[in-house]
Amino acid sequence: MFKPYGIIPPIITPFTEDGRFNEPVFRKMVNHLIHEGVHGVFPLGTTGEFYAFSDEEVRYILEVCKDEVAGRVPVYAGANHITTRGAIRLVHIAEEVGVDAVSVLTPMFVSQTQDEVYAFYKSVAESTSLPVIVYNNKPKTNVTVTPETIAKLAEIPNIVGVKDSTGDFTNTEEYIRLTRGNDHFHVLLGRDTLIHAGLCYGAAGAIASCANVAPRIAADIYDKYMAGDIAGSLEAQFTLAPLRIACNMGTFPAVIKEGLVMQGFPVGKCLEPIAELTAAEKEKLHKVLSEMGLL
C-alpha cells in the first residue's frame, strides 16, 4: 500500500510574462527540489494555482512533472473541482498520466454537510485505483472535514491520508487519534509552522508550501526527527517559521513566488487578480530570507 511521507512541496507553477506555463523553469524547479532532499513533488496544489488551468493544461503539466521526476520521488497530483464529476474527471487524467497519488480538495464555494463530504470522497475513491489524499483547507474553502468523517473515510481502502491545512492543531490531533489503529491511513500537515509538532503526535510528514523556497530546511524537520535528533528537528522548524509567517503578506502564493525570484528562479508572477508584493513587503521578505541563509 502506498504510504505518503516526508516533506512534499506543492510545487509552484512558473509562468512566462504572457501567463503561459513555463516548462523549462518548472523542470529546473523539480530537479532543484529533489536535489535538496524533498520526499515527493506535488504539482497543481493551491500553491501551484490549480484553479487556473484547462484539462489539457493539467494533463500537460502532470506529464512534464512525471517525466522530469523520472521515478526519483513520488508524484502527487492535485485534482480539485467544485463538482464530484469534475473531480473524478481530473483524477482520471492523473491516473492516465501515471502519477503515484492524488490530492483532492473539498469542493469549494458549495457549502456541504458532512454526509455530502463523505459521499464526495467515497465516489472519488471508488472511481480510481490511485491512492487518494483528502485535502482539508477550511481557511480557503470554508468547508471542513471533521475528525469523525475522516475516521469513516479512512476505512475506504485507497483513501490513504489527509492533508490538514486548517491550522487547528486540535483538529490534526483528532485526525491522528481517531485513525491511529489504521495502518494504511496517514496524516500530513498543511500548516508549515506545525510540522515538528505533527511528527511528535505521529503524523507522516507535511505538504509544505514553504519547501518551494526552503526545501532543505523543511526536509531537515522530517529527516532529523526520523533520525532521533528531536532537538535538531525542532531547530529546523523554528528556522522555517518566519517564512511561513511572512506568507501572510500579499495574496497567497505571491510570497512563495517572490521568494523564488529572489533566489534566482525566474518563476514569474502569480496570475491576476493576485498582485505582486509591494516594495515594502519585498524588503521584509528579503530580510527574512537573508536571516534564514537562503539568499
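Out of all the residues in the stretch 135-156, is one or more within 30 Å of residue 232 (Cα to Cα), among the hydroxyl-bearing types (Ser, Thr, Tyr), touching a helix residue (DSSP H, G or I) at 6+ places or on another chain (Cβ under 6 Å) and crowded, with 24+ Cβ neighbours inside 10 Å? No, the stretch 135-156 contains no residue that is within 30 Å of residue 232 (Cα to Cα), among the hydroxyl-bearing types (Ser, Thr, Tyr), touching a helix residue (DSSP H, G or I) at 6+ places or on another chain (Cβ under 6 Å) and crowded, with 24+ Cβ neighbours inside 10 Å. Can you confirm whether residue 199 is of a type in the set (A, V, I, L, M, F, W, C), under 16 Å from the mean Cα position of the chain (by Cα) and part of a helix (DSSP H, G or I)? For residue 199, the condition - of a type in the set (A, V, I, L, M, F, W, C), under 16 Å from the mean Cα position of the chain (by Cα) and part of a helix (DSSP H, G or I) - is not met. Kindly indicate whether any position in the stretch 37-49 is farther than 30 Å from residue 276 by Cβ, free of Cβ contacts under 8 Å to residues at least 60 places away in the same chain and either touching a Gly at 6+ places or on another chain (Cβ under 6 Å) or crowded, with 19+ Cβ neighbours inside 10 Å (or both). No: zero hits. The set of residues from the stretch 162-217 being out of contact with any helix residue (DSSP H, G or I) (no Cβ under 9 Å at 6 or more places or on another chain) and crowded, with 21+ Cβ neighbours inside 10 Å comprises 163, 207. Considering the conditions (1) in contact with an Asp or Glu (Cβ under 9 Å, 6 or more places away or on another chain); (2) farther than 13 Å from residue 94 by Cα; (3) not hydrophobic (A, V, I, L, M, F, W, C), residue 54 is excluded by exactly one of them, (1). Can you pull out every residue in the stretch 16-36 that is touching a Leu at 6+ places or on another chain (Cβ under 9 Å) and buried (at least 21 other Cβ atoms within 10 Å of the Cβ)? Of everything in the stretch 16-36, just one residue is touching a Leu at 6+ places or on another chain (Cβ under 9 Å) and buried (at least 21 other Cβ atoms within 10 Å of the Cβ), namely 29.
Annotation note: of 269, 257, 224, the sole residue that is farther than 24 Å from residue 27 by Cα, among the basic types (Lys, Arg) and either at pLDDT 95 or above or surrounded by 18 or more Cβ atoms within 10 Å (Cβ to Cβ) (or both) is 224. Scanning the stretch 1-32 for residues that are within 30 Å of residue 154 (Cα to Cα) and either among the small types (Gly, Ala, Ser) or without any contact (Cβ under 8 Å) to a residue 60 or more places away in the chain (or both) turns up just one, 6.
Look at the stretch 274-285: where a residue is of a type in the set (A, V, I, L, M, F, W, C) and a partner is assigned to a loop (DSSP other than H, G, I, E, B), sitting 6+ places away or on another chain with Cβ atoms under 6 Å, you get 274/251; 277/250. Exactly one residue among 30, 64, 58 is in a helix (DSSP H, G or I), of a type in the set (Val, Ile, Thr), under 19 Å from residue 135 (Cα atoms) and at pLDDT 95 or above, and that residue is 58.
The values are calculated or read from the model by the stated rules, or taken from the named source; none is laboratory data. Because the structure is predicted, anything quoted here is derived from the model rather than measured. All Cβ positions, glycine included, derive from the backbone under ideal geometry; neighbour counts span all protein chains shown.
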